[in-house]
Amino acid sequence: MPVALHNSSADIIALANLISSTVQEIVTEYSKAGHDIPSLDSTDSGPFDAPEKVSGTLSKAIRTIEAACAQLSFTVASPGHVMTNKSYGYEEPAGMLVALNAKVADHLVDKPEGLHVDELALKSDLDAGKLGRILRMLATKHCFREVKPNVFANNRLSMQMVSTNPVSGLLGHMSDEGLRAGSRLNEALTDPKTASSTSADDSPFHRAHGVSLFGFYESPVGSKVSERFAQAMVGWGEVTGKAMLPKVYAWENVSENATLCDVGGNNGHMVLDLMKEYPKLKAVIQDLPPVIEQAKELWTKENPQAIEKRRVEFVPLDFLKETPVPNCDFYYLRHILHDWPNSDCQKILSNVRKAMGPKSRLLIHEFVLQPAVRDTSGTAVNQAPEPLLPNYGMGRVRLYQQDINMMILFNSKERTLQEFIELTEQTGFKFEKLWDSGEAGLIEFTIA
C-alpha cells in the first residue's frame, strides 16, 4: 500500500506561517521580561541564556523555530544540495578545535573592532592564511564575525569558546576525542567482533583511542586533557539545565526534612541549587570515594551552611556493586543510565530498589527520545504541531545526536519513555509521571 505524501506547497506555507506566528511569541516573551532579543553580533549575556530561565512557552517556541526553519529549507532546496552540506558537517567541529586550541575567542575578548588574522596567527603560532580560512568558515556559520576582510571579532556564539567558559571544555571534548571516536563508528558496527557488543571495550571510542572512555583520562594522552573533560561536564550541566531540578518537580509539597539521595551524583552540583531553593530538604551525595572528596570541597565552598547544619551527607558508593543509603524519600539519577547497557542499568536500579522504603520515589533525569513518526493512538505526549516532525526534528536534534554519542563513547544509549518503563518494571518499579524539564525529562517511579 503506497504511503500518503504531504502536499509540499501546503506544507511550506504552513511552515512559513508557523515561523511567523512563533517569532511573535518569542518577541512577546522578551518584551514581558523587559528585554530586546540579543543581536548575534553582541557579546553580552542574554536574559534567557541559561535553560532554567526560559519559560515553557519560550522553550517550545524556540524548538518550533529551529524545527520549522530546518524543515522549510530542506524542503525547498535540492536533495543533493542538502545531503552534500550534511556530509561536510565534520569540518565545523574540526575548525572549532583549531580555534579553541589557539584561544582565538580569548584573544578577541574586549576587542569589538576585532583583530587581523595575521595578529591572531602570531599569537597562536599558526599559519595566517589557513587560520583565516577556518575563521571565515566558522563566521559563515555565525560563530565569530568578520568585521572587515580578514579581521575577526567575537559574537554571542564565539563567546562560548572563551577558555573560562565551561562550555568551551564541552566543545573541545566533542571536537577532539569525540570526533576522532565518531570516525570509527562504521568500523565498529561492521566488525563481527564488535557489531552487536554493548561493552565499552568494543566501542568506537576504544577503537580510536585504544582504551575506553573510563580509562582514557588516566592514559598518557588523555591525562593532558583531563581538566578539559572535567570542565566539559560542568559545561554539559549548564547547557542541559542543571538548575532545572528545583523548577520541575512539586518540591513545595514535599515534607520538611525529606531526604534526596543523589546516586552517582558526582560532586553533587546538580543538587546544590535545589538545596538552596528548598533548604527544608536534606541530601545524600553518593559516588566513588575520590569523587566524594571533590564533593566535600565543592559544598564547603558553595553551601557551607548545609554541612554545618548536617543537611547533607557524603557517602562513597559503587552503584554497580553496592546499595545506596537506605530509606531516603527520593533516589535521584541524572544522566547515569545513558552511560550503561541494559544489563548494568538493571544492576544499578536493583540496588536502588533494595534501598527504598515503601514510600520512596525514584526520579530518573534523562533525555527521553520519541519516534520520528506521528503517534495517532492518542497516548503520545509532547508531539510537535503538524507539519513538523512529531519529535520536533531539528528543534530537539541534540537528543538523538547524544544517543549516537553514547553509542560512540560507551556502546550505550539514550532511551524512549517506553524503554525506561520496561527497564524499571523489570527491577520492581511502577511508572507514575513524566515531568517536562525542558530538554530532558524527569521520570517519576514508585515501588511496584
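Any read-out appearing in this document is the output of simple, stated calculations on the displayed coordinates, not a laboratory observation. Model, not experiment: these values are computed from the prediction. Note that we place each Cβ from the backbone using ideal geometry, even for glycine, and neighbour counts take in every protein chain shown.
Residue 33 to residue 294: FRET efficiency via 1/(1 + (r/R0)^6), r the Cβ-Cβ distance, R0 41 Å, to the nearest 0.05? The value I calculate is 0.70.
By the Cβ distance rule (another cysteine Cβ under 4.7 Å), the unpaired cysteines of the chain are 69, 143, 345.
For region 408-448, the convex hull spanned by the alpha carbon atoms encloses 81 Å³ per residue. If the chain linking residue 350 and residue 92 were pulled fully straight, counting 0.36 nm for each residue of separation and taking away their Cα-Cα distance, it would gain 88.7 nm. Annotation: aspartates and glutamates with alpha-carbon distance below 18 angstrom to residue 32 (same-chain offsets under eight excluded): 49, 52. Inter-part distance, region 337-363 to region 39-101, computed on C-alpha centroids, equals 35 Å.
Note that region 21-27 has calculated 3J(HN,Hα) couplings of 5, 6, 4, 5, 4, 5, 4 Hz, one per residue in order, obtained from phi through the Karplus relation 6.51 cos²θ - 1.76 cosθ + 1.60 (θ = phi - 60°); glycine and proline are x. Residue exposure proxy: 20, 219, 437, ordered by other Cβ atoms within 10 angstrom of their Cβ from fewest to most, comes out as 20, 219, 437. For the chain, what is the Kirkwood hydrodynamic radius in Å, using each pair of distinct C-alpha atoms? Evaluated on the chain, it is 24.1 Å. Label point of residue 180 set 7 angstrom out along Cα-Cβ; within region 210-224, amide nitrogens under 13 Å from it belong to 210-213, 216-224.
Counting other Cβ atoms within 10 Å of each Cβ, which trypsin sites (Lys or Arg not before Pro) in region 97-183 have at most 15 and sit in a DSSP loop? Here the sparse-neighbourhood loop sites are 141. Just to confirm a number: summing +1 for Lys and Arg and -1 for Asp and Glu over residues other than residue 92 whose beta-carbon lies under 15 angstrom from that of residue 92, what do you get? Net local charge, residue 92 excluded: +3.
For trypsin sites (Lys or Arg not before Pro), the sites in region 253-298 that DSSP calls loop and that have at most 15 other Cβ atoms within 10 Å are 280. Here the Gaussian network model covers the chain, with springs between Cα atoms less than 10 Å apart; of 189, 333, 409, 189 fluctuates the most. The Cα trace of region 268-349 gives Rg and Dmax of 13.3, 40 Å, the first to one decimal, the second as a whole number.
Evaluated over region 85-161, the count of Lys pairs having alpha-carbon atoms less than 17 Å apart is 6 (only pairs 8 or more residues apart or interchain). Within region 345-376, what residues put their amide N at less than 16 Å from the label point 7 Å along the Cα-to-Cβ vector of residue 418? Answer for this model: 368-376.
Distance from the C-alpha centroid of region 257-272 to that of region 410-438: 20 Å, rounded to the whole angstrom.
Based on the alpha-carbon gyration tensor of region 85-161 and its eigenvalue square roots a ≥ b ≥ c, which shape applies: rounded if a/c is under 1.5, prolate if not and a/b is larger than b/c, or oblate? Prolate shape, in that a/c is at least 1.5 and a/b is the bigger ratio.
The order of 87, 124, going from fewest to most other C-beta atoms within 10 Å of their C-beta, is 87, 124. Straightening the chain between residue 187 and residue 309 buys 38.5 nm, computed as 0.36 nm per residue apart minus the Cα-Cα spacing. For the chain, DSSP calls about 50 percent of its internal beta bridges antiparallel. Remark: 299, 340, 435 ranked as 435, 340, 299, counting other beta-carbon atoms within 10 Å and listing the fewest first.
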